[in-house]
Structure formats: structure tokens, C-alpha cells
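Trainee: Before I ask anything, here is the structure I am working with.
The values are calculated or read from the model by the stated rules, or taken from the named source; none is laboratory data. Keep in mind the model is a prediction, meaning the values are calculated, not measured. FYI the Cβ positions are ideal-geometry reconstructions off the backbone, even for glycines, and counts take in every protein chain you see.
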């Protein structure tokens, strides 16, 4: 092969390689994030840099990244400190992407509006947004807290995803992370629901009354498919499950139960 032909062949190969690299695109479900320093291998960190109690799989150490971090003093007579720290789940699954969109709507957009108000010399509607996260087994739990500037009331968001993929957490994963079996979960859930039902009814109805048995039967029917119930892991590793309780006198209450 002549030198001229070799040079031409090399140029064609380089051109094709360049096209291949340029044509690589991230998935539509992937939400890019601003890099941040990874926490230590044995543990995650919350937004303040304090170590979280759980051990994280190696891949999960870069799963949560900060996309907004601002702090200072609000100009004006109130003198409140403000702090806005917004995370993003840097995981490829569509479920994680959906969580990111909700975080943007409920926390990031209001935080950026608050920063704009501060820049214009106005008092922001929200005082702070902060977050913390931890990993137990394969479950990554991301917790955000938004504080209202006028009332000081907090508004929370909790997101649970598979720590390695960003997929929705299954009931089996939740149970494993909480240290209970699925069979034990079903038994404990029914026991706690019946206990909560009795606490709410108290002495208003006896167990042999039609209203009592009808309301209890209806309540238990709502936990027949436990995998569909809203749940997450608390900071101390318990499994929080949200259930609906039917009242014999009418109406429905929403209750949070902690298992085990």
C-alpha cells in the first residue's frame, strides 16, 4: 500500500470515528446534573456535609448531585438566613427522571423564584430548601424540606428509587431494606391497620354493629394489594406505609404506619 493511500485511509477512519462519537446521545429519560464531590465509599452525606447512617453501594455514591446551592442573608427588615440546595437523581431510569421533574416543579422552580426576588430586593416566599439522602440495601431515599418564609411551616418531599438504576422500588426491596419478609409485612400491616381502626373508632361503635364491620371490611380491602400503597424508609430504617381508614360514621382518614 502506497503512503498516499495509507494516509487517505487513516483520514477516513478518523472521520468515521468522529461521526460515531457525535451521534451518541443520552437517553430521553436521563437528566444531566452538575457534578459534585462524591461522598466517602462507606456512607452518603446530606447537604450540610454530615455523614448519613447508611452504607451505600459504590454506584450510588454519585447518584445524587446538587444542581443549585445558594445561601446568605435576605436583604430587608426580616434578616432571615436563606438557603437553597436542590438535588437531582443522576440515574438513567424513567422513574428517576419523573422524580427529577417533580423536584424541579415543587422545589427548584420556587427556589429560583426566591433567588430572583432576593436579587430585586424583595422578600422571597420560601426561606429555604434543603435535602438529605441515604441508602439502605438497594433503596435510595432522597428527602427534601421547603420552609415557608411567612409562617415557617415546612413542606416535604420524599423520593425512593433503586440506588443503582433509578427504577421504582419494589415491595420486596422495601421489605429487605427494612429487615422484614414480605409475609411478615402483610401480617404486621393488617395488625397495625386493625389497631389504628380501633383507636379511631374508640367507644363510638361496638364490634358487632353493622357500621363497624362494614367500615373495617372496607378498610382491609384497601390494603389487599400492599405493593400499591405509598411507602418509604424513615431515617432510622423503619418502613412508613400510608393507608386509608374508613370511619363507621362516614368519612376517610389517611394514616401513616411504621413497620416493623
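Trainee: Residues that are touching a helix residue (DSSP H, G or I) at 6+ places or on another chain (Cβ under 7 Å) and either in the same structural domain as residue 142 (by TED's automatic domain parsing) or over 30 Å from residue 137 (Cβ atoms) (or both): list the strands (runs of 3 or more DSSP E) wholly contained in segment 161-260 that include at least 1 such residues.
Mentor: 239-246, 252-259
Trainee: Before we move on, is residue 155 part of a strand (DSSP E or B) and either over 18 Å from residue 93 (Cβ atoms) or over 14 Å from the mean Cα position of the chain (by Cα) (or both)?
Mentor: yes
Yes or no, residue by residue, for (1) over 12 Å from residue 85 (Cβ atoms); (2) surrounded by 20 or more Cβ atoms within 10 Å (Cβ to Cβ); (3) touching a strand residue (DSSP E or B) at 6+ places or on another chain (Cβ under 8 Å):
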site: 111; (1), (2), (3): no, yes, yes
site: 117; (1), (2), (3): yes, no, no
site: 123; (1), (2), (3): yes, no, no
site: 133; (1), (2), (3): no, yes, yes
site: 136; (1), (2), (3): yes, yes, yes
site: 139; (1), (2), (3): yes, yes, yes
site: 146; (1), (2), (3): no, yes, yes
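Trainee: Is it the case, given these coordinates, that residue 197 is at pLDDT 95 or above and within 30 Å of residue 133 (Cβ to Cβ)?
Mentor: Criteria not met by residue 197.
Trainee: Within segment 189-203, which residues are surrounded by fewer than 18 Cβ atoms within 10 Å (Cβ to Cβ) and either closer than 21 Å to residue 254 by Cβ or in contact with a strand residue (DSSP E or B) (Cβ under 7 Å, 6 or more places away or on another chain) (or both)?
Mentor: 190, 191, 194, 195, 196, 198, 199, 200, 202
Trainee: Filter segment 87-109 down to residues that are without any contact (Cβ under 8 Å) to a residue 40 or more places away in the chain and within 20 Å of residue 148 (Cβ to Cβ) and give me whichever is surrounded by the most Cβ atoms within 10 Å (Cβ to Cβ).
Mentor: 104
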